[in-house]
Structure formats: C-alpha cells, structure tokens
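Report on the structure given below.
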Amino acid sequence: MNPSKIIQGLMRLDNLSADNLYNLITFDLSNGINYFDISDIYMNGEAEIKLGQVFKKHPDLREKMYIQTKCGIVKDGDATYYDLSYEHIVNSVENSLKRMNIDYIDALLLHRPDIFLNAGEVAQAFAFLSQQGKVKKFGVSNFPHEMMKYLYDNTNIPIDINQLQLGLGHMNLIREVFNVNMDNNDGVEHTGELFFYMKRYGITLQCWSPYQVGFFGGSIFNNDSMKEVSLYCDELANKYKVSKCAIATAFLLKLDDEHIQVITGSTNPEHVKESVDGTKINLTKAEWYTLYKKAGNFLP
Ligand SMILES: NC(=O)c1ccc[n+]([C@@H]2O[C@H](COP(=O)([O-])OP(=O)(O)OC[C@H]3O[C@@H](n4cnc5c(N)ncnc54)[C@H](OP(=O)(O)O)[C@@H]3O)[C@@H](O)[C@H]2O)c1
C-alpha cells in the first residue's frame, strides 16, 4: 500500500466522539486517504486515546492505515519546552503505543527542534525503537536545514520526512527561493534553503495547516487579506470543475511529483473530499505562479 498524497490530520478532534472518528476514518479510507497524522501533544494525549478507542473496537482497521505520531513537546504546568533526549523519545513512543492500543507506529516525527538535541542520543533511540519493531520510519517536523544535516551525518537511520507549514496563506519556505540577492526582506532566509535540501535527498515534505493564514490566522477561504487569491482560486475552480480547496491543494502538490503530502486538519467529510479532488488537478506553470503572486508574494 502506497502512502496517500492527502493525510488526515487528527489535531482537532475535540468535538468528535470515538464513533464519529471511526466514521471519519472509514470515509477517508473509502476516498483514498490511508495516512493519519497525530501527536502525543494533541489534546494533551486525548487525541491518541480517542484513536485507541477506535482501534479497540475495530482492530481490523489498523493494517489499512499508516499511523504517524510525534514526540518532543513537553507541557509541564505553565512551562512548555522541547525535549529530544533518548529517555523522552523512547518513553513517549511507549506511551503513545499504549494510548493508541497498537503495537507499532509507521512513522515517528520529532515534533520541534530541541536546541539541546544530541544526534548520538537520537540515533540510539531510533535504533532501539527500530530493533524492537516499534517504529518503522523516522522523520522530523519544523526542523531547520543544518539540524537535519547534523542528524543525517550522525545517524545511520534515514530521516525521511520533514513536516512544515506551507500553503497559500504561509509561504516562507519557498518565497526566499525567488528572492536570493534581492534588496528586500523576502530574500532573508527563513528556512536555510531547506526546500531544495529536502528535494536533493528525497525527503518528503508534509505541509501542515495548508489552508491556514499565518500560524493560526483562520482559513484562507474567508480571510480579507486573501481576497485576491481567493477570487483567482474561484476562477480556476470553475475551469477545473472542482472547489477552491482542491486548487489550493493542487498548488502544493505541484511542487514535487513524489515527495510531497498535504495534511488536512478538517474533520468535515465534504472539506476532506475537496482536498482529495486536488490530487487529480495538474495546474499549469502560469497558473501556479499567478497563485503564488496573488497570495501576496513578490516575484522579481
Ligand atoms: N507539525 C506541526 O507542528 C503541526 C502544527 C499544526 C498542525 N499540524 C498538522 O496539520 C493538520 C492540519 O492543521 P489545521 O487543521 O490547522 O489546518 P487546515 O486543514 O489548513 O485547516 C485550517 C482551516 O481551513 C479550513 N478548511 C479546511 N479544508 C477546507 C475546505 N475544503 N473548505 C473550507 N475550509 C476548509 C478548516 O475548517 P474546517 O475544519 O471547518 O474544515 C480550518 O478552519 C493537523 O491536524 C495536524 O495533523 C502539524
């Protein structure tokens, strides 16, 4: 089974019962989504517990799904910090497996970069989890270029994924590519040329919050600052006979033939289906660059 281009994000499960979540998963599977993204930190562990309730009742589902979880963000009273020590990684995985009622995780991501990260310790943790059959594949999230290289040079286990925010409403990752040597702030490196580093090594880019403006500024589809790109999405949606969301999804998927996935966080089946429709559209280059510019980005 190949991993789907669209990932179902399971961060916003607050209003879903375990039965509702089961319905969402079966809807996803019947619409070609087989990859699910969660984290130990989502709803302080409650999201994984809810997924575990689904697996307890429907154990046959497990083999039809790729389960990806993350570790490394710690909430301790009022303090939030990052911990990617050997103990933290191994304990987190064991707790996540218990919460989700499963024996192995398909992909484990280090959720955010811990400045104190020691590549040797991470290598040991990955080797242990891999030998125990608890984790099949490893990756990172929100990691800068040099830190990925540091890990790559010091672990024998491939780092296959970096999950980063990317969408029409948040384009730092690629905007700098067009603005090298320009006398403007867009040329200031936000990502350390991460985009092409990942392409060079075939590391999958998973785009989180693909329809969000900025960090958590609401949907691009009803935000005043996104009016121009929204109108153009309408025009393309009419041309391709799909929704605006499908266009916003196709915009991201055009960035790579193979190593890219888009994570929808919607739990509304109609919205999720619109993301899937985006996998069937191949925008022209002219359309792609026009979307880029109409989303408020400068192209010299
Ligand atoms: N690695 C990280 O640091 C990190 C951080 C944040 C999130 N994530 C992952 O990314 C996933 C997605 O995050 P998200 O939920 O913030 O992003 P999102 O899917 O881009 O959702 C943002 C907004 O877009 C709306 N939307 C989605 N599809 C739509 C459609 N077809 N039509 C109209 N509106 C639509 C959503 O509304 P509705 O909900 O009403 O559809 C929501 O208000 C999470 O579940 C999580 O797995 C990872």
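The values are calculated or read from the model by the stated rules, or taken from the named source; none is laboratory data. What you are looking at is a predicted structure, and each value in this text was computed from that prediction instead of being measured. Cβ atoms come from the backbone with ideal geometry, glycine included; neighbour counts cover every protein chain shown. Note: accessible area is taken over every heavy atom of the protein model, side chains too, but ligands, DNA and RNA are not part of it. Shrake-Rupley method; radii C 1.70, N 1.55, O 1.52, S 1.80 Å.
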Ranked by GNM mean-square fluctuation in the chain (Cα springs under 10 Å), the top entry among Glu287, Glu48, Glu270 is Glu270
Listed by chain and number, the residues whose amide H is under 5 Å from that of Gln206, excluding neighbours fewer than 5 places away on the same chain and using placed H, are Asn162, Gln163, Leu164, Gln261
Which trypsin sites (Lys or Arg not before Pro) in segment 4-55 sit in a loop by DSSP (not H, G, I, E or B) and have at most 16 other Cβ atoms within 10 Å of their own Cβ? Arg12
Roughly how many nanometres apart are two label points built 7 Å out from the Cα toward the Cβ at Leu231 and Asn185? 2.6 nm
Roughly what would the spin-label model give for Ala127 and Thr26, points 7 Å off Cα along C-beta, in nm? 4.5 nm
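Fully extended, how many nm does the chain gain between Glu94 and Asp160 (0.36 nm per residue separation, minus their Cα-Cα distance)? Present the calculation step by step, with values, prior to reporting the outcome.
On the way: separation 66, 0.36 × 66 = 23.76 nm, distance 2.13 nm.
Additional length available on full extension: 21.6 nm.
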Quick one: Karplus J couplings for segment 252-259, per residue in order, coefficients 6.51, -1.76, 1.60, θ = phi - 60°, nearest Hz, x for Gly and Pro? 6, 5, 5, 5, 7, 6, 10, 9
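Remind me, relative contact order of segment 1-79 in percent, using alpha carbon pairs under 8 angstrom and six or more residues apart? Each step should come with its number before you reach the end.
Details: 90 pairs, mean separation 27.6, N = 79.
Dividing the mean separation by the residue count of segment 1-79 yields 35 percent.
Under unit Cβ charges (Lys, Arg +1; Asp, Glu -1), what dipole magnitude, rounded to 20 debye, does the chain have relative to its Cα centre? Show your work: numbers first, answer last.
Values: 29 positive and 37 negative charges, 159 e Å.
Its charge dipole is roughly 760 debye.
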Just how far, in whole angstrom, is segment 182-234 from segment 53-96 if you go by their alpha carbon centroids? 27 Å
Over all Cα pairs of segment 225-269, the Kirkwood radius sets Rh, and Rg/Rh then becomes 1.01
In angstroms, what radius of gyration and Dmax does segment 119-262 have, counting Cα atoms only? 17.7, 53
Would you pull out the residues with amide H under 5 Å of Thr264's amide H, same chain only if 5 or more places away, H placed 1.01 Å from N? Ile7, Gly9
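Over all pairs of distinct alpha carbons, what does the Kirkwood formula give as the hydrodynamic radius of segment 180-226, in Å?
Details: mean 1/r = 0.0755 Å⁻¹.
Across segment 180-226, the inverse of the average 1/r is 13.2 Å.
Quick one: plug the Kirkwood hydrodynamic radius of segment 1-88 (C-alpha pairs) into Stokes-Einstein at 20 °C, 1.002 mPa s, and report D in µm²/s.
Working: Rh = 14.0 Å.
Here the translational diffusion coefficient equals 153 µm²/s.
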Return a whole-number percent for the relative contact order of segment 230-300, with Cα pairs under 8 Å and 6 or more residues apart as the contact set. 35 percent
Carbon and sulfur atoms account, in whole percent of the 1.4 Å probe accessible area of the chain, for 48 percent
Can you give the relative contact order of the chain as a percent, counting alpha carbon pairs under 8 Å and 6+ residues apart? 17 percent
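Going by average Cβ neighbours within 10 Å, how do the peptides 246-256, 93-103, 173-183 rank, with the highest at the top?
Working: 246-256: 22.6, 93-103: 17.7, 173-183: 15.0.
Most protected by this proxy first, the peptides run 246-256, 93-103, 173-183.
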Using a ≥ b ≥ c from the Cα gyration tensor of the chain (square roots of the eigenvalues), is it rounded, prolate or oblate, where a/c under 1.5 gives rounded and otherwise the larger of a/b and b/c decides, a/b for prolate? oblate
Output wanted: per-residue J couplings in Hz (rounded whole) for segment 18-32, from phi through Karplus 6.51 cos²θ - 1.76 cosθ + 1.60, θ = phi - 60°, x for Gly and Pro. 4, 5, 4, 5, 4, 4, 5, 4, 5, 4, 4, 4, 6, 10, x
May I ask you to evaluate 6.51 cos²θ - 1.76 cosθ + 1.60, the Karplus curve with θ = phi - 60°, for each residue of segment 119-132 and list the ³J(HN,Hα) values in order in whole Hz, giving x for glycine and proline? 4, x, 5, 5, 4, 5, 5, 5, 4, 4, 5, 6, 4, 6
Ranking Leu252, Leu283, Ser266 by how far each Cα lies towards the positive end of the charge dipole of segment 225-300 (+1 on Lys and Arg Cβ, -1 on Asp and Glu Cβ), the top one is Leu283
With each pseudo-label sitting 7 Å past Cα toward Cβ, what's the Asp257-Asn15 distance in nm, one decimal? 4.2 nm
When N is the residue count of segment 24-138, what does its C-alpha Rg come to as a fraction of 2.2 N^0.38 Å? 1.08
At the level of C-alpha centres, the distance separating segment 1-24 and segment 137-172, in angstrom, is 23 Å
